[in-house]
Amino acid sequence: DAGVIQSPRHEVTEMGQEVTLRCKPISGHDYLFWYRQTMMRGLELLIYFNNNVPIDDSGMPEDRFSAKMPNASFSTLKIQPSEPRDSAVYFCASSFGQRGNTIYFGEGSWLTVV
Amino acid sequence: QKEVEQDPGPLSVPEGAIVSLNCTYSNSAFQYFMWYRQYSRKGPELLMYTYSSGNKEDGRFTAQVDKSSKYISLFIRDSQPSDSATYLCASGGSQGNLIFGKGTKLSVKP
């Protein structure tokens, strides 16, 4: 079975540019999560969806970040405008059910903003 | 205080050593506890899952939860170079989401 698929794997962009990260969750999973990982803060939950509906976006750092899930097989995380402090690895993950169920992670999108 | 605390290491051990990785958590409502393994430039993958207190063993890996002290441990016996990775503990309860520790980087030297 295909796992969680993320694109792009690597992105280098200039400050002020728009960045769009994409995710295809595992088929049949009803929860989708966006995480950000940095050395300083570790793995942080940004937002999660249940059945395509955003449930908790309290982890989104500021209004420059937005996420959508137009259907069960696709989600985007957008940063506009990007800043150097947004440089991190962004993981998309999905699960079937939530409480205590295994979360499956994609391989991450490595973002560098210069 | 972060809800899940983990020593970032790095931890370096010789091949064959017993490795002990530890976390503490602060929320007494947490009921399930997980260990994820993350290889370099990869996403985390579930390694061990424990519900409530007690031990769980899977091959060379043993996960231990002590709810009285809010302490989570992962033991690796006969460690191998292929075990070199970052290990993240995670905890959660019936409310809220899974909270991850920052991870401990382990290096097993041949």
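The values are calculated or read from the model by the stated rules, or taken from the named source; none is laboratory data. These numbers come from a predicted model, not from an experiment. Because the Cβ atoms are built from the backbone with ideal geometry, glycine has one as well, and the counts that use them run over all protein chains shown. Quick note on the areas: whole protein, heavy atoms, side chains included, nothing else; ligands and nucleic acids left out. Shrake-Rupley method; radii C 1.70, N 1.55, O 1.52, S 1.80 Å.
Just to be sure, is A:Arg22 open to solvent by 50 Å² or more (accessible area, probe 1.4 Å), more than 14 Å from chain B (Cβ to nearest Cβ) and touching a Ser or Thr at 6+ places or on another chain (Cβ under 6 Å)? Yes: the conditions hold for A:Arg22. Considering the stretch A:77-91, the residues that are in contact (Cβ under 8 Å) with a residue 60 or more places away in the chain, touching a Phe, Trp or Tyr at 6+ places or on another chain (Cβ under 9 Å) and more than 9 Å from chain B (Cβ to nearest Cβ) include one that is surrounded by the fewest Cβ atoms within 10 Å (Cβ to Cβ), namely A:Gln80.
When the strands (runs of 3 or more DSSP E) confined to the stretch A:1-113 are screened for residues that are modelled with pLDDT under 95, those reaching at least 1 such residues are found at A:31-38, A:42-50, A:53-56, A:88-95. Residues of the stretch A:32-60 that are free of Cβ contacts under 8 Å to residues at least 24 places away in the same chain and over 12 Å from the mean Cα position of the chain (by Cα): A:Met39, A:Met40, A:Arg41, A:Gly42, A:Asn51, A:Asn52, A:Val53, A:Pro54, A:Ile55, A:Asp56, A:Ser58. Within the stretch A:3-31, the set of residues being under 18 Å from A:Val114 (Cα atoms) and either among the small types (Gly, Ala, Ser) or free of Cβ contacts under 8 Å to residues at least 12 places away in the same chain (or both) comprises A:Gly16 only.
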